[in-house]
Amino acid sequence: MNREKTVYLIRHAQSADNVSAVFQSPESLLSSLGEKQAKIIAGRISKLDFELLVSSPFQRARQTAEEIKINTGKEIEFSDLFIERKKPTSINGKPYEDKTARIIWRDWEKSLYTSGVRVEDGENFDDLIVRADRALEFLSNRKENPIVVVTHGYFLRTIIARVLIGRFLSGEIFRNFQRSAEMENTGLTVLKYRDRFEEKPAWRLWIYNDHAHLAD
């Protein structure tokens, strides 16, 4: 069986909370710069021949996907599989200077790299790995090809870490990967899934964080 699939993964355009001293909430809208970035990446994606547009339902991703919809005519399929890492709800939108929120944040951040640790209703390391695997399974099982996905920086890097490192992805390796792999708003990452006679079926990283369109 020979099968190949291409997935274009996009980090949403810049949000207002991206450039504010607050713990970003799911409701954060695009900044004025983000609105321009969304139009630019939408123009770039309009040159691609793709069959499915998927987006995180978080507002910053939704707005970015809406621009792609306007440029391509593709309807958006929203999926919670591609939301950003879920912070404890109690700190969403809180300023960095809020002492209680900062303590919760630090404890939660440790849980992102430590199996079995949970802080309030926030996701932890185990949750993220399971969700990344489910997202990759979702993409590989869809009949549409190519697929465009609008998602978030941290979770996108989680997917890439899972593709590159697989079952060897420990908490410490994950932490180092997240700290070392930067990503621009509307950066374009491309994954290819190959299932061929001479190759083991697997996802492969093709392009990472291409943001050349922002130089125009």
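The values are calculated or read from the model by the stated rules, or taken from the named source; none is laboratory data. None of these values were measured; they are calculated from a predicted model. Virtual Cβ from ideal backbone geometry, glycine too; neighbours counted across all protein chains shown. Please note that ligands, DNA and RNA were not included when accessible areas were found on the heavy atoms of the full protein model with its side chains. Shrake-Rupley method; radii C 1.70, N 1.55, O 1.52, S 1.80 Å.
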Checked H211, H152 against criteria (touching a Ser or Thr at 6+ places or on another chain (Cβ under 8 Å) and open to solvent by 20 Å² or more (accessible area, probe 1.4 Å)); the one match is H211
Those residues that are surrounded by 13 or more Cβ atoms within 10 Å (Cβ to Cβ) and within 15 Å of G171 (Cβ to Cβ), I need them from the stretch 118-146; list them, please. R118, V119, E123, N124, F125, D126, D127, L128, I129, A132
Collect the residues in the stretch 12-21 that are in contact (Cβ under 8 Å) with a residue 24 or more places away in the chain and in contact with a Ser or Thr (Cβ under 9 Å, 6 or more places away or on another chain), keeping them in residue-number order. H12, A13, Q14, S15, D17, N18
Whether any residue in the stretch 165-182 is within 24 Å of S31 (Cα to Cα), out of contact with any helix residue (DSSP H, G or I) (no Cβ under 7 Å at 6 or more places or on another chain) and in contact (Cβ under 8 Å) with a residue 12 or more places away in the chain is what I want to check. yes
Tally time: how many residues in the stretch 26-43 are over 18 Å from L188 (Cβ atoms) and surrounded by 17 or more Cβ atoms within 10 Å (Cβ to Cβ)? 3
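Table: residues versus (1) within 29 Å of F174 (Cα to Cα); (2) out of contact with any His (no Cβ under 8 Å at 6 or more places or on another chain); (3) of a type outside the set (A, V, I, L, M, F, W, C); (4) modelled with pLDDT of 95 or more.
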{"position": "K36", "(1), (2), (3), (4)": "no, yes, yes, yes"}
{"position": "L52", "(1), (2), (3), (4)": "no, yes, no, yes"}
{"position": "S55", "(1), (2), (3), (4)": "yes, yes, yes, yes"}
{"position": "E84", "(1), (2), (3), (4)": "yes, no, yes, yes"}
{"position": "L112", "(1), (2), (3), (4)": "yes, yes, no, yes"}
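Could you please let me know if T64 is closer than 30 Å to D127 by Cα, in contact with a Gly (Cβ under 9 Å, 6 or more places away or on another chain), β-branched (V, I, T) and surrounded by 17 or more Cβ atoms within 10 Å (Cβ to Cβ)? Spell out the reasoning first.
Working: closer than 30 Å to D127 by Cα: yes; in contact with a Gly (Cβ under 9 Å, 6 or more places away or on another chain): yes; β-branched (V, I, T): yes; surrounded by 17 or more Cβ atoms within 10 Å (Cβ to Cβ): yes.
Taking the combined requirement at face value, the residue satisfies it.
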Do the conditions hold for F177, that is, is it closer than 25 Å to E51 by Cβ and aromatic (F, W, Y)? no
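N18: more than 19 Å from the chain's Cα centre (by Cα) and modelled with pLDDT under 95, yes or no? Step through it out loud before you land on a result.
Working: more than 19 Å from the chain's Cα centre (by Cα): no; modelled with pLDDT under 95: yes.
Considered against the rule, which asks whether it is more than 19 Å from the chain's Cα centre (by Cα) and modelled with pLDDT under 95, N18 comes out as no.
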Taking interchain pairs and intrachain pairs at least six residues apart, which have beta carbon atoms under 9 angstrom, with the first residue in the stretch 22-40 and within 18 Å of E67 (Cβ to Cβ) and without any contact (Cβ under 8 Å) to a residue 60 or more places away in the chain and the second assigned to a helix (DSSP H, G or I) and of a type in the set (G, A, S)? L30/A38
Given the criterion assigned to a helix (DSSP H, G or I), under 19 Å from the mean Cα position of the chain (by Cα) and touching a residue at least 12 places away in the same chain (Cβ under 8 Å), identify the matching residue among A101, A132. A132
